[in-house]
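The values are calculated or read from the model by the stated rules, or taken from the named source; none is laboratory data. On a predicted model such as this, the values are computed, not experimentally measured, just so you know. Glycine also receives a Cβ, built like all others from the backbone with ideal geometry; neighbour counts cover every protein chain displayed.
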Amino acid sequence: MSAAPSTAKSVSHKPAVFIVDDDEGMRSGVEFLLTTAGFKTKPFDSAEAFLKHFKPEMRGCVLLDVRMPGMSGLELQAKLREKNIGIPVIILTAYADVAMAVKAMHAGAFEFFEKPFDGKELIPRVQAAIDYDAEKKFDDSFKREVEEKLERLTPREREVMELVASGILNKEAAAMLKISIKTVENHRARVMEKMEAEYLADLVRMGMVAGMV
């Protein structure tokens, strides 16, 4: 199902959350969650349907599934980038597609969530994406903050952060560093704590800002 057509008079300037997912159950569930939380939502069952509807002046954010029939989430993200459309994109991904989600982060995605996710965690990140879209500016103080936090890390922790921010799984990082998976997990936990990263996506973004990836 795609978003219902609306007349020009009924179009609101309120930012919207564009939900692009071919899974009707997931799409409906996310729409209900966000509508209940007070967000304006527009659901689409394909990337093609979204592109047909979306106009550059529309504001808000996009919740985008990675794997869909036809145009994939990453392909849609690339299309938006080609058109210089900077609307924030939040990637929704299954566990097996985490590496793809990290790739999307490197390509400019705002956030990613692994399915199934906690709706209470999604809502504030959607709001953050909408706020970011409204501001449309990069805060240089964030880069300085990241650089200051990096100074807290040991050389080994920096190595682990660089690998994690690059989308390397714990098992692969352990093999590359010749340490146990448990040790990698411990380092990763300390990195998240020292960098004050609540989500993995936060750490990926910090790694990008720091030039690690």
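Against the conditions (1) loosely packed, with under 14 Cβ neighbours inside 10 Å; (2) of a type in the set (S, T, N, Q); (3) modelled with pLDDT of 95 or more, Thr7 satisfies every one except (3). A count restricted to the range 11-39 and to residues that are under 16 Å from Glu111 (Cβ atoms) and assigned to a helix (DSSP H, G or I) stands at 3. For the range 114-131, the criterion of being assigned by TED's automatic domain parsing to the domain that holds Phe39 and in contact with a Lys or Arg (Cβ under 9 Å, 6 or more places away or on another chain) is met by at least one residue. Can you say whether Lys42 is in a helix (DSSP H, G or I) and among the basic types (Lys, Arg), as far as the supplied structure shows? Judged against the criteria, Lys42 is not a match.
Scanning the range 95-109 for residues that are surrounded by 14 or more Cβ atoms within 10 Å (Cβ to Cβ), in a helix (DSSP H, G or I) and not aliphatic (A, V, I, L, M), we see that the one that is modelled with the lowest pLDDT is Asp97. Considering the range 165-213, and only residues there that are of a type in the set (S, T, N, Q) and part of a helix (DSSP H, G or I), the residue that is surrounded by the most Cβ atoms within 10 Å (Cβ to Cβ) turns out to be Asn170. Just to be sure, is Leu92 assigned to a helix (DSSP H, G or I), crowded, with 20+ Cβ neighbours inside 10 Å and either of a type in the set (A, V, I, L, M) or at pLDDT below 85 (or both)? The answer is no for Leu92.
From the list Glu75, Glu147, Glu162, Glu157, the lone residue that is out of contact with any Leu (no Cβ under 9 Å at 6 or more places or on another chain), surrounded by fewer than 15 Cβ atoms within 10 Å (Cβ to Cβ), assigned by TED's automatic domain parsing to the domain that holds Arg190 and at pLDDT 85 or above is Glu147.
Within the range 110-142, take every residue that is part of a loop (DSSP other than H, G, I, E, B) and under 26 Å from Met212 (Cβ atoms) and give me the one that is modelled with the highest pLDDT. Please lay out each step first, then the result.
Going residue by residue through the range 110-142, those that are part of a loop (DSSP other than H, G, I, E, B) are 110, 115-118, 136-139.
Then drop every residue that is not under 26 Å from Met212 (Cβ atoms), which leaves 110, 117, 136-139.
Values: Phe110: 92, Phe117: 87, Lys136: 65, Lys137: 51, Phe138: 51, Asp139: 58.
Checking each candidate, the answer is Phe110.
None of Pro116, Pro124 is closer than 19 Å to Gly25 by Cβ and exposed (fewer than 14 other Cβ atoms within 10 Å of the Cβ) except Pro116. Quickly run through the range 55-67 and pick out the residues that are buried (at least 21 other Cβ atoms within 10 Å of the Cβ) and free of Cβ contacts under 8 Å to residues at least 40 places away in the same chain. Listed by number, the list holds a single entry, Val66. Report whether or not Leu80 is within 17 Å of the chain's Cα centre (by Cα), without any contact (Cβ under 8 Å) to a residue 24 or more places away in the chain and surrounded by 14 or more Cβ atoms within 10 Å (Cβ to Cβ). So Leu80 passes the test.
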